[in-house]
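The values are calculated or read from the model by the stated rules, or taken from the named source; none is laboratory data. Note that the coordinates shown come from a computational prediction; the quantities given were computed from them, not determined experimentally. No Cβ is skipped: glycine too gets one built from the backbone with ideal geometry, and neighbour counts run over all protein chains shown.
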């Protein structure tokens, strides 16, 4: 590309610059407000940088949201592991062991990804209550594993369809069965698939709110519910919700910034075909 | 051969637990919600663990669409429709625009892409909390014009009572026919350049007839309500739409960018050799080629806008009338008012709207897989 200053390049960089400002504006506002002293937070000067840097909002937010943070961590790790492992096995069957009607079953699986979750909320609530799982993390983990199956199965199915069938056939000629082909051939090749799927599930489950608020009691609330309660009260000064927001965003932002390549592959897997 | 059939059995048994789980938790539960929506959930005994349920048919739906007490739900539904359309236009438009800009390979493309996509990784509760602060009436976005020497805005982003594009719910059927006719005429005009005969016969003609019919004979249609009740586009939802576009246009950008990168450089060079300008290349070559991506984006965004709960909850709380949404109404009706039957009916309405988009999409994908 020539580095000439033309009207086109001015327009290009100008527009991109303005758009970047628009996209970064909320992040800037969150950081600036979180660093202010409560008495310095004032609507007309909301955009200005704090004159005195105040870190205590963060320690207060950590103190308040620490139990929620731990709940979310347990929930996310367990549910991610469960749905990823099951999704990998399902994807293996759907791509390499097709049976009569397996495409129909796969389509029926995918449908589960697109339903508005309100439609299953009432029976889910009743079922968990009947199983004595309502209110606690195990019930929430179960829900996230089940409703995570469509997307994890989809990602692994698309991933495994890239593994040449000849490789599977040669494994079978060597006398390997269903499970030994999986453990010896397919699994070792699918580490990137596991990274993509588990990062995707991690961010989805970490960010989930509807089930968190409907299916857990106060002491088991995940971080999103804790943050909503922290920010919901009108009396609270804004530095605390902003610090809490940053705290709730940090784990997923880290994934996005350091492992962004895999995150984007998960994002595309849900919509773009192989 | 026996070995092979045993492996087949093993494969099926591996899949079985997931099939059972999906069968119960997706299809069984949807069936259960449909059933619940057709009962009265024991009326006053609704708080007990096993309320006595009586079958009432479609009464709950009739109540929601015509009942005196449920005008809030009807406004929520109207909000959801406007919200979905605005989100689609906004997020697809802005995402496509950014993707085209980044496709020019500016310097710092990686950094820019990261900036445009990071909102996508955040929870709606996080972004909703921050946007609520940004849209505070006397601060945030409203004071920004001061920094370039203009008057500050005074728009009440989340609590404005103003509404535009209002219509009378009594005339629901007529309005629905107008909308159908408008869409058909638009599609007809769009297709006119290609197969003009088919466009006129299939879309343009019927569209005009439906529109004219609704205009001439609309008064003869049954009225959906016994009294006048206006609903419109609540200006207060603009703030929520803006926040959602902010969060999701990075997603459509990523989709289009992946699509643009998949178009071979040869094709682009060929288009340029044929004298296509940069604009024409995207207008006539790249974007038509990425029609599957546009369809995916529309499906996923409409699905997101229909179940939108977290963002509105965080930005306005669950019971702000101006920015209501059926997803929030369902939550309040079910878990605050303990009216599980009405809650289930609202959920089914949402589900049916979502299914209208998703079922054709999944069927088309299934056919494509079988062919490919």
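Output the residues belonging to the range B:94-125 that are part of a helix (DSSP H, G or I), without any contact (Cβ under 8 Å) to a residue 40 or more places away in the chain and over 19 Å from residue A:265 (Cα atoms). B:97, B:101 - these are the residues of the range B:94-125 that are part of a helix (DSSP H, G or I), without any contact (Cβ under 8 Å) to a residue 40 or more places away in the chain and over 19 Å from residue A:265 (Cα atoms).
Taking residue A:94 as the residue in question, decide whether it is part of a helix (DSSP H, G or I) and either outside the structural domain of residue A:249 (by TED's automatic domain parsing) or more than 20 Å from residue B:31 (Cα to Cα) (or both). So residue A:94 passes the test.
Of A:57, A:95, A:9, all but one fail to be within 13 Å of another protein chain (Cβ to nearest Cβ) and touching a helix residue (DSSP H, G or I) at 6+ places or on another chain (Cβ under 6 Å); the exception is A:95.
Kindly state which helices (runs of 4 or more DSSP H) lie completely within the range B:247-339 and contain at least 1 residues that are without any contact (Cβ under 8 Å) to a residue 60 or more places away in the chain and either within 12 Å of another protein chain (Cβ to nearest Cβ) or buried (at least 23 other Cβ atoms within 10 Å of the Cβ) (or both). Spell out the reasoning first.
Numbers: elements: B:265-273, B:291-306, B:310-316, B:326-331.
Of the helices (runs of 4 or more DSSP H) lying wholly inside the range B:247-339, those with at least 1 residues that are without any contact (Cβ under 8 Å) to a residue 60 or more places away in the chain and either within 12 Å of another protein chain (Cβ to nearest Cβ) or buried (at least 23 other Cβ atoms within 10 Å of the Cβ) (or both) span B:291-306, B:326-331.
The sole residue among A:75, A:89, A:140 that is over 24 Å from residue A:189 (Cβ atoms), at pLDDT 90 or above and out of contact with any strand residue (DSSP E or B) (no Cβ under 8 Å at 6 or more places or on another chain) is A:75.
Among (1) assigned to a helix (DSSP H, G or I); (2) over 29 Å from the mean Cα position of the chain (by Cα); (3) within 27 Å of residue B:235 (Cβ to Cβ), which single condition is residue B:170 missing? The one condition residue B:170 does not meet is (2). Residues of the range B:128-144 that are more than 7 Å from chain A (Cβ to nearest Cβ) and either assigned to a helix (DSSP H, G or I) or within 27 Å of the chain's Cα centre (by Cα) (or both): B:128, B:132, B:135, B:141, B:142, B:144. Of all residues assigned to the range B:81-102, at least one qualifies as being at the interface with chain A (Cβ under 9 Å from one of its Cβ atoms), more than 24 Å from the chain's Cα centre (by Cα) and modelled with pLDDT of 90 or more. Residues in the range B:103-127 that are under 30 Å from residue B:263 (Cβ atoms) and facing chain A (nearest Cβ under 8 Å): B:104, B:105, B:106, B:112, B:114, B:115, B:116, B:117, B:118, B:119, B:120, B:121.
Applying the condition of being surrounded by fewer than 20 Cβ atoms within 10 Å (Cβ to Cβ) and in contact (Cβ under 8 Å) with a residue 24 or more places away in the chain to the range A:215-245 and asking which residue is farthest from the other protein chains (Cβ to nearest Cβ) yields A:219.
Condition test on residue A:72, is it buried (at least 18 other Cβ atoms within 10 Å of the Cβ) and closer than 23 Å to residue A:225 by Cβ? Answer is yes for this residue.
In the range A:113-224, counting only helices (runs of 4 or more DSSP H) that sit wholly within it, the ones holding 1 or more residues that are under 24 Å from residue B:26 (Cα atoms) and out of contact with any helix residue (DSSP H, G or I) (no Cβ under 8 Å at 6 or more places or on another chain) span A:118-130, A:137-160. Report yes if residue A:51 is in contact with a helix residue (DSSP H, G or I) (Cβ under 8 Å, 6 or more places away or on another chain), in a helix (DSSP H, G or I) and away from every other protein chain (no Cβ under 11 Å), otherwise no. No: the conditions fail for residue A:51. For residue A:28, the criteria (1) over 22 Å from the mean Cα position of the chain (by Cα); (2) facing chain B (nearest Cβ under 8 Å); (3) closer than 23 Å to residue B:138 by Cβ hold in every case but one, which is (2).
Any residue at all in the range A:148-157 that's within 9 Å of another protein chain (Cβ to nearest Cβ) and surrounded by fewer than 22 Cβ atoms within 10 Å (Cβ to Cβ)? Please lay out each step first, then the result.
Within the range A:148-157, the subset within 9 Å of another protein chain (Cβ to nearest Cβ) is A:149-150, A:153.
From what is left, the residues that are surrounded by fewer than 22 Cβ atoms within 10 Å (Cβ to Cβ) are none.
No, the range A:148-157 contains no residue that is within 9 Å of another protein chain (Cβ to nearest Cβ) and surrounded by fewer than 22 Cβ atoms within 10 Å (Cβ to Cβ).
Take the residues of the range B:340-362 that are more than 19 Å from the chain's Cα centre (by Cα) and at the interface with chain A (Cβ under 8 Å from one of its Cβ atoms): which is farthest from residue A:154 (Cα to Cα)? Checked the range B:340-362; the qualifying residue farthest from residue A:154 (Cα to Cα) is B:340.
Restricting the search to the range A:75-86, which residues are surrounded by 19 or more Cβ atoms within 10 Å (Cβ to Cβ) and over 16 Å from the mean Cα position of the chain (by Cα)? A:86 - this is the single residue of the range A:75-86 that is surrounded by 19 or more Cβ atoms within 10 Å (Cβ to Cβ) and over 16 Å from the mean Cα position of the chain (by Cα).
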